[in-house]
Ligand SMILES: Cc1cc2nc3c(=O)[nH]c(=O)nc-3n(C[C@H](O)[C@H](O)[C@H](O)COP(=O)(O)OP(=O)(O)OC[C@H]3O[C@@H](n4cnc5c(N)ncnc54)[C@H](O)[C@@H]3O)c2cc1C
């Protein structure tokens with residue numbers, strides 16, 4: 001059984017409020033300034049990620065003993081929500097990086113290699129990416145076709161990955177693969193491949209509807225490395241205890257941020273309308289009240305699952321993740337948030353009307369709407385719902 005180590009060194013403090021103000025300033029001064037051209041050109045948001053590195057935010061979840069900020073999942077979620085209000089792609093990149101960091105923080109600390117890696121990540125503000133999706137298995141995280149081949153202390157690995165976000169810009173990539181060429185598809189390990197030790201040959205480009213700045217092209221990844229780069233826990237444990245809940249929480253948080261910005265644009269539009277007809281409440285104000293209610297539900301849902309996850313981490317008991325209840329609620333969070341974001345942006349569009357429909361208006365919701373449709377596909381909602389259906393047949397409410 002691996003030991004689950006969580007990072008919760010910094011409590012909710014005035015210090016964290018200052019940090020959030022700093023994140024808002026980065027959002028306003030950098031993310032928002034470049035969001036439109038990042039989206040238009042489907043280019044990596046270099047300015048945003050540089051600003052986040054300058055603020056040492058790439059090591060926000062790394063415990064203080066390694067030099068990181070030691071923030072907890074609740075605080076990382078808040079940062080993702082703030083970033084989502086300014087640029088969905090930058091927020092998604094930050095969230096995906098934090099998921100990988102959490103995998104190392106929770107499951108790598110008993111290894112000298114990963115202890116040193118965490119220090120290096122802090123010093124150099126390394127950017128981590130993920131390659132779980134594979135040609136042939138699609139979004140099924142729990143099986144791999146590719147396998148690691150170990151020879152003494154070294155390994156080699158080739159994976160055909162149809163989607164690796166910021167694959168060209170990442171320093172290191174956590175890759176899932178089978179434990180050995182004769183292992184079953186479900187016997188997986190999580191391996192770190194490092195810049196300079198892998199080649200990424202392009203398989204496909206990234207010209208998509210939304211999240212265009214994540215630059216999630218496909219690659220054939222060929223890597224060599226030291227066996228110390230294999231995370232000591234099984235991938236099943238990493239997925240259940242970290243990747244699954246952490247992803248759905250930080251995604252839900254950043255999607256909430258995108259939805260918040262859509263509602264804020266709608267609010268600004270309604271205010272402008274109201275000024276034209278003093279003393280009258282425009283119908284769009286009623287629509288604003290309706291959409292605000294959905295946004296509140298979405299945000300509360302994220303916070304509630306975050307609280308439950310933090311409690312499980314605080315128990316520091318990997319067994320606590322074995323029951324289906326938490327998994328089902330985490331899946332519900334993802335499916336619900338991915339639906340709510342489309343609903344909220346759609347309602348905001350109805351409020352802003354043609355001004356929201358235009359690409360060249362300050363009320364434009366085009367990017368928000370296109371980004372919002374990606375949420376249901378990031379681990380397809382049907383896949384998740386089918387899993388919940390299976391678990392619900394044996395799970396009793398209240399457990
Ligand atoms: C913006 C963005 C960034 C991403 N970044 C990364 C990344 O960095 N790294 C990475 O590895 N992946 C990444 N992904 C991939 C992503 O998370 C999904 O795993 C991937 O998009 C799934 O691909 P798919 O839709 O072709 O496959 P599938 O999930 O296989 O779905 C295809 C179709 O088959 C159906 N289906 C298949 N199996 C089942 C089943 N068991 N039950 C029910 N329905 C099923 C689905 O409903 C769907 O209709 C990213 C995706 C997006 C949108």
Which pairs have Cβ atoms under 8 Å, sit 6 or more apart or on different chains, and link a residue in region 174-186 that is without any contact (Cβ under 8 Å) to a residue 60 or more places away in the chain to one that is in a loop (DSSP other than H, G, I, E, B) and surrounded by fewer than 13 Cβ atoms within 10 Å (Cβ to Cβ)?
-> 178/184
Residue in region 338-357 that is surrounded by fewer than 16 Cβ atoms within 10 Å (Cβ to Cβ) and modelled with pLDDT under 95 present = no
Contacts under 7 angstrom Cβ, first residue in region 316-332 being more than 19 Å from residue 386 (Cα to Cα), partner at pLDDT 90 or above and part of a helix (DSSP H, G or I), 6 or more apart | 318/237; 318/241; 320/312; 321/240; 321/241; 321/312
Taking residue 132 as the residue in question, decide whether it is within 8 Å of the ligand (Cβ to nearest atom) and touching a strand residue (DSSP E or B) at 6+ places or on another chain (Cβ under 9 Å).
-> yes
Determine which single condition residue 346 fails, assuming it passes every other condition in (1) within 18 Å of residue 88 (Cβ to Cβ); (2) in a helix (DSSP H, G or I); (3) in contact (Cβ under 8 Å) with a residue 40 or more places away in the chain.
-> (3)
Could you run through region 239-288 and say how many residues are over 29 Å from the mean Cα position of the chain (by Cα) and part of a helix (DSSP H, G or I)?
-> 13
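Report yes if residue 305 is within 16 Å of the ligand (Cβ to nearest atom), in contact (Cβ under 8 Å) with a residue 12 or more places away in the chain and under 24 Å from residue 214 (Cβ atoms), otherwise no.
Values: within 16 Å of the ligand (Cβ to nearest atom): no; in contact (Cβ under 8 Å) with a residue 12 or more places away in the chain: yes; under 24 Å from residue 214 (Cβ atoms): yes.
Considered against the rule, which asks whether it is within 16 Å of the ligand (Cβ to nearest atom), in contact (Cβ under 8 Å) with a residue 12 or more places away in the chain and under 24 Å from residue 214 (Cβ atoms), residue 305 comes out as no.
Yes/no matrix, rows are residues, columns are (1) part of a loop (DSSP other than H, G, I, E, B); (2) away from the ligand (no atom under 16 Å from the Cβ); (3) closer than 26 Å to residue 213 by Cβ:
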site: 319; (1), (2), (3): no, yes, no
site: 325; (1), (2), (3): no, yes, no
site: 328; (1), (2), (3): no, no, no
site: 341; (1), (2), (3): no, no, yes
site: 356; (1), (2), (3): no, yes, yes
site: 361; (1), (2), (3): yes, yes, yes
site: 367; (1), (2), (3): no, no, yes
site: 376; (1), (2), (3): no, no, yes
site: 394; (1), (2), (3): yes, yes, no
Within region 183-237, which residues are within 12 Å of the ligand (Cβ to nearest atom), within 19 Å of residue 138 (Cβ to Cβ) and in a loop (DSSP other than H, G, I, E, B)?
-> 206, 208, 209, 211, 216, 217
For residue 316, which of the numbered conditions (1) modelled with pLDDT under 95; (2) under 30 Å from residue 283 (Cβ atoms) fails to hold?
-> (2)
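Being at pLDDT 95 or above, surrounded by fewer than 24 Cβ atoms within 10 Å (Cβ to Cβ) and out of contact with any strand residue (DSSP E or B) (no Cβ under 7 Å at 6 or more places or on another chain) narrows it down to one of 70, 77, 84, so name that one. Before you say what the answer is, go through the steps one by one.
Numbers: 77 fails: surrounded by fewer than 24 Cβ atoms within 10 Å (Cβ to Cβ); 84 fails: surrounded by fewer than 24 Cβ atoms within 10 Å (Cβ to Cβ).
One residue alone meets the criteria, 70.
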Counted residues, region 109-129 - those being under 14 Å from residue 63 (Cβ atoms) and either within 16 Å of the ligand (Cβ to nearest atom) or in the same structural domain as residue 189 (by TED's automatic domain parsing) (or both) = 0
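Do the conditions hold for residue 100, that is, is it near the ligand (Cβ under 10 Å from one of its atoms) and either modelled with pLDDT of 95 or more or farther than 26 Å from residue 252 by Cβ (or both)? Please lay out each step first, then the result.
On the way: near the ligand (Cβ under 10 Å from one of its atoms): yes; either modelled with pLDDT of 95 or more or farther than 26 Å from residue 252 by Cβ (or both): yes.
Taking the combined requirement at face value, the residue satisfies it.
The values are calculated or read from the model by the stated rules, or taken from the named source; none is laboratory data. Everything numeric here is computed off the predicted structure, so don't read it as measured data. Quick reminder, even Gly has a Cβ in these numbers, built from the backbone with ideal geometry, and neighbours come from all protein chains shown.
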